[in-house]
Amino acid sequence: MTDAELVRQTLAGAPAAYEELVRRWAGRVTALCHAKIGCAAHADDLAQDALLRAYRSLQSLVEPEKFGAWLCRIALHTCLSWLKNKQRTQVPFSVLGADQNPEDYLSSGDSVDEEHEDALDRLKKEVAALPESYREVLLLYYHQDVTYRDLAEMLGVSPATVNSRLTKARNLLRERMNQCRK
């Protein structure tokens, strides 16, 4: 059954059809949110919020066959709103009292393979430091196994642009990771 058919069924009063849409799209929406905000802990909440917003405004979807792209735009707007709100509410470490140490708030975990963990942490930091358009396409492609065509539709770009962004992201990561080894 296509997304468009599930949308029509949902609008006709079958909530189970929307459950299927959620199963199909939740992973991609979560990956998109993670790519946008760079924080896995908040990505799940934002993805759920986007899916709920989509359900509540499903009747406004003019072309049910474009549900995926429409849902991704809702997720992107949800993330942008969250980021704007976060900027207004961030509290700098400078407001901590003199007897408080910022490192007290960081968890320290012992690792069996510290070298592997260090490399993985470094890779995560480098991915997070990529320009948003590269980070977004990289995370969606590798974490959600999304095709170039699907990515292009979700992001509103051409498959050639997706290919270009992935290539550039890989090259940037390769360069940055190699600099660390020197």
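For residue 13, indicate whether it is surrounded by fewer than 18 Cβ atoms within 10 Å (Cβ to Cβ), outside any helix (DSSP H, G or I) and not aliphatic (A, V, I, L, M). Quick ask: steps written out before the conclusion?
Details: surrounded by fewer than 18 Cβ atoms within 10 Å (Cβ to Cβ): yes; outside any helix (DSSP H, G or I): yes; not aliphatic (A, V, I, L, M): yes.
So residue 13 fits the description; yes.
Charged (D, E, K, R), crowded, with 16+ Cβ neighbours inside 10 Å and either modelled with pLDDT under 90 or within 27 Å of residue 135 (Cβ to Cβ) (or both): is that true of residue 73 in this structure?
On the way: charged (D, E, K, R): yes; crowded, with 16+ Cβ neighbours inside 10 Å: yes; either modelled with pLDDT under 90 or within 27 Å of residue 135 (Cβ to Cβ) (or both): yes.
For residue 73, the condition - charged (D, E, K, R), crowded, with 16+ Cβ neighbours inside 10 Å and either modelled with pLDDT under 90 or within 27 Å of residue 135 (Cβ to Cβ) (or both) - is met.
Taking segment 8-41, which residues are of a type in the set (Val, Ile, Thr) and free of Cβ contacts under 8 Å to residues at least 40 places away in the same chain? Spell out how you get there, then give the answer.
From segment 8-41, those of a type in the set (Val, Ile, Thr) are 10, 22, 29-30, 37; that's our starting set.
Of everything in segment 8-41, those that are of a type in the set (Val, Ile, Thr) and free of Cβ contacts under 8 Å to residues at least 40 places away in the same chain turn out to be 22, 30.
The values are calculated or read from the model by the stated rules, or taken from the named source; none is laboratory data. Computed from a predicted model, the values in this text were never measured in an experiment. Cβ sites come from the backbone with ideal geometry, for glycine too, and all protein chains shown count toward neighbours.
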